[in-house]
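Scroll down for the structure; my scribbles are underneath it.
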Amino acid sequence: MFADFAAYLADGANWVGPNGITTRVLQHLYYTVLALGIGALIAVPAGMVIGHTGRGEGLVVGLANTMRALPSLGLMTLLVLLIPSTLIPPITALVALAVPPLLAGVYAGIANVDRTVVDAARAMGMSPWQVLWRVEVPNAMPLIIGGLRGATLQVVATATIAAFVNLGGLGRYIFDGLALYDYTRVLVGAVLVTALALVLDGLLALLVRLVQPGTGRLALRDPALQEAIDERAAVAR
Amino acid sequence: MDLWGIRNWSTAVQPYLVEHIYLAVIPTVVGVILAVPIGLALHGRPAARSVAVVVSSAIFTIPSLALFVVLPGLIGTQVLDPLNVIIALSLYTLALSVRNTFEALDAVPQVTREAAEAIGYSRLGRTAAVDLPLAVPVLTAGTRVVAVTNVSMVSVGAVIGIGGLGQLFTSGYQRNFPEQILTGMVLILILAIIFDRLIALLGRALTPWIRGSSMASSQRRLRRLAREIPGSASLREAADAPGGR
């Protein structure tokens, strides 16, 4: 079984063309990025408002829980029957999957920024807008990216079922393989989608480390400000 | 009332509902029962703990459909064997619950632990009589999330011919019949709510000392803990877990 699998991957002909592995991976990535992008357009502003104002907390919790129980396969097949489009139903189902973790990440990240830090920023005369962008968002970054990580994992995994309603992506191998009793092909799809999930998850895990506030790993320093600080430090010494 | 689901209840709905319930319940129970002792054993051993966290993240990265279709090849079951779904979901539950157990134990105040040792508890006795009961609220919150996710994930198995109410999706899609799909979705949502409430009630029954016993006050405490323990993202998630009103 695994020998056939290795042979399939080793054959360069299986990587090219409209049904090749390269195309399938790109299609899979396209659905994933599209769903995450639309999800972020909804979840990020909403999460910022809720986290910043502290209003609508119950709404987030309730929404996140209900949507966790919503079966993507059911939503997708239902929409296919109601909306005459190949792309909209699967993408909508994936967006519904992506929104709760994204929203929870943004909201929890911003709501959990240390209150004394926020108070200090306001005492320094920052406007609410400045507090949000210069204090709350940077400090919330690890949780926001953490939410994106959870959403990405779920969307990559679930994008396989898009092939059930005749779309492309890596799920194609699984469904075609099942229909043809071609277990090698099923295995190719399963392994490739797992590998893709692992790679994306690894990249985002790295990003979470990079955006950890106060570590300076991704800090955009103002050179003039840094110079002034160093000067003061030298005088004090 | 002439709903499809009611008209065809005993022939086309009830069997799938029963299958769905056991496909969701068995993995949740098996996963949690295996995870708690593992979590207890590895908590306090930083090296083993980080290995467990890495392994469980890796398990959770495997997409469910991929696991459903590969398991027969790995363990020699039939492709249509419900055991594939049960084993796959048990693995996910185990992976998530081990980490949840770590966080639940992290939430036990260190002073309490030291006080228990000071009055003469052995390590094992303290774990059983002090750590575990105090970890119940976070354990329950995490288990509710896992249970609800399992109820929803079972339905993916329908694309390979197992999967309880999910079969109403595949069959409704093939027959071009939205009402059948809706019936499946509504029943899955109801099942998820029932499981969530049952586990919440169980958790409350196991922690009679939590006075006022309102979920809101326990969630407030969890949130405060989440703020105090750095890097406890999933504790925060637990604090925001189902059922909070």
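Looking at the range A:177-198, I want the residues that are of a type in the set (Lys, Arg) and have a partner that is buried (at least 18 other Cβ atoms within 10 Å of the Cβ) with Cβ atoms under 7 Å, at least 6 apart or on another chain. Which pairs are those?
Matching pairs, first to second residue: A:Arg185/A:Tyr173; A:Arg185/A:Gly177.
Can you say whether B:Glu179 is more than 12 Å from the chain's Cα centre (by Cα), away from chain A (no Cβ under 14 Å), on the phi < 0 side of the Ramachandran plot and part of a helix (DSSP H, G or I), as far as the supplied structure shows? Explain how you work it out, then say what you get.
Details: more than 12 Å from the chain's Cα centre (by Cα): yes; away from chain A (no Cβ under 14 Å): no; on the phi < 0 side of the Ramachandran plot: yes; part of a helix (DSSP H, G or I): yes.
Here the answer is no, as B:Glu179 does not meet what is asked.
In the list A:Gly146, A:Gly169, A:Gly109, which residue meets the criterion of being in a loop (DSSP other than H, G, I, E, B), crowded, with 23+ Cβ neighbours inside 10 Å and at pLDDT below 95?
Numbers: A:Gly146 fails: in a loop (DSSP other than H, G, I, E, B); A:Gly109 fails: in a loop (DSSP other than H, G, I, E, B).
Answer to the selection: A:Gly169.
Assuming B:Ser171 fulfils every condition listed in (1) closer than 20 Å to A:Leu75 by Cβ; (2) under 18 Å from the mean Cα position of the chain (by Cα) apart from one, which condition is it?
(2)
Would you be able to say whether some residue in the range B:145-153 is open to solvent by 50 Å² or more (accessible area, probe 1.4 Å), in contact with a helix residue (DSSP H, G or I) (Cβ under 7 Å, 6 or more places away or on another chain), within 14 Å of chain A (Cβ to nearest Cβ) and not acidic (Asp, Glu)? I'd like the intermediate steps shown before the answer.
First, the residues of the range B:145-153 that are open to solvent by 50 Å² or more (accessible area, probe 1.4 Å): none.
No: the range B:145-153 contains no residue that is open to solvent by 50 Å² or more (accessible area, probe 1.4 Å), in contact with a helix residue (DSSP H, G or I) (Cβ under 7 Å, 6 or more places away or on another chain), within 14 Å of chain A (Cβ to nearest Cβ) and not acidic (Asp, Glu).
Could you please tell me which pairs satisfy a Cβ distance under 9 Å, a separation of 6+ or placement on different chains, a first residue in the range B:192-209 that is within 26 Å of B:Met153 (Cβ to Cβ), and a second residue that is open to solvent by 70 Å² or more (accessible area, probe 1.4 Å)?
Going by the 9 Å Cβ cut-off, the qualifying pairs are B:Ala192/A:Thr66; B:Ile193/A:Thr66.
Here is a check on your reading of the model: is A:Ala120 under 18 Å from A:Thr152 (Cα atoms), outside any loop (DSSP other than H, G, I, E, B) and either open to solvent by 10 Å² or more (accessible area, probe 1.4 Å) or not acidic (Asp, Glu) (or both)?
Details: under 18 Å from A:Thr152 (Cα atoms): no; outside any loop (DSSP other than H, G, I, E, B): yes; either open to solvent by 10 Å² or more (accessible area, probe 1.4 Å) or not acidic (Asp, Glu) (or both): yes.
For A:Ala120, the condition - under 18 Å from A:Thr152 (Cα atoms), outside any loop (DSSP other than H, G, I, E, B) and either open to solvent by 10 Å² or more (accessible area, probe 1.4 Å) or not acidic (Asp, Glu) (or both) - is not met.
A:Leu87 is checked against (1) aliphatic (A, V, I, L, M); (2) within 11 Å of chain B (Cβ to nearest Cβ); (3) touching a residue at least 40 places away in the same chain (Cβ under 8 Å); (4) open to solvent by 20 Å² or more (accessible area, probe 1.4 Å) and fails just one. What number does that condition carry?
(2)
Quick check on the range B:55-66. Is at least one of its residues away from every other protein chain (no Cβ under 14 Å), crowded, with 21+ Cβ neighbours inside 10 Å, out of contact with any strand residue (DSSP E or B) (no Cβ under 6 Å at 6 or more places or on another chain) and not aromatic (Phe, Trp, Tyr)? I'd like the intermediate steps shown before the answer.
Of the residues in the range B:55-66, the ones away from every other protein chain (no Cβ under 14 Å) are none.
No, the range B:55-66 contains no residue that is away from every other protein chain (no Cβ under 14 Å), crowded, with 21+ Cβ neighbours inside 10 Å, out of contact with any strand residue (DSSP E or B) (no Cβ under 6 Å at 6 or more places or on another chain) and not aromatic (Phe, Trp, Tyr).
Among A:Met48, A:Met76, A:Met67, which is the only one that is open to solvent by 40 Å² or more (accessible area, probe 1.4 Å), in contact (Cβ under 8 Å) with a residue 12 or more places away in the chain and in a helix (DSSP H, G or I)?
Working: A:Met48 fails: open to solvent by 40 Å² or more (accessible area, probe 1.4 Å); A:Met76 fails: open to solvent by 40 Å² or more (accessible area, probe 1.4 Å).
Among A:Met48, A:Met76, A:Met67, only A:Met67 is open to solvent by 40 Å² or more (accessible area, probe 1.4 Å), in contact (Cβ under 8 Å) with a residue 12 or more places away in the chain and in a helix (DSSP H, G or I).
Listed residues B:Leu80, B:Leu40; which is more than 17 Å from the chain's Cα centre (by Cα) and within 14 Å of chain A (Cβ to nearest Cβ)? Reasoning before the result, please.
Working: B:Leu40 fails: within 14 Å of chain A (Cβ to nearest Cβ).
Selected residue: B:Leu80, the only one of B:Leu80, B:Leu40 that is more than 17 Å from the chain's Cα centre (by Cα) and within 14 Å of chain A (Cβ to nearest Cβ).
The values are calculated or read from the model by the stated rules, or taken from the named source; none is laboratory data. Just so it is clear, the model here is predicted, and its values are computed rather than measured. No Cβ is skipped: glycine too gets one built from the backbone with ideal geometry, and neighbour counts run over all protein chains shown. When the accessible area is computed, the model is the full protein with side chains, heavy atoms only, and any ligands, DNA or RNA have been set aside. Shrake-Rupley method; radii C 1.70, N 1.55, O 1.52, S 1.80 Å.
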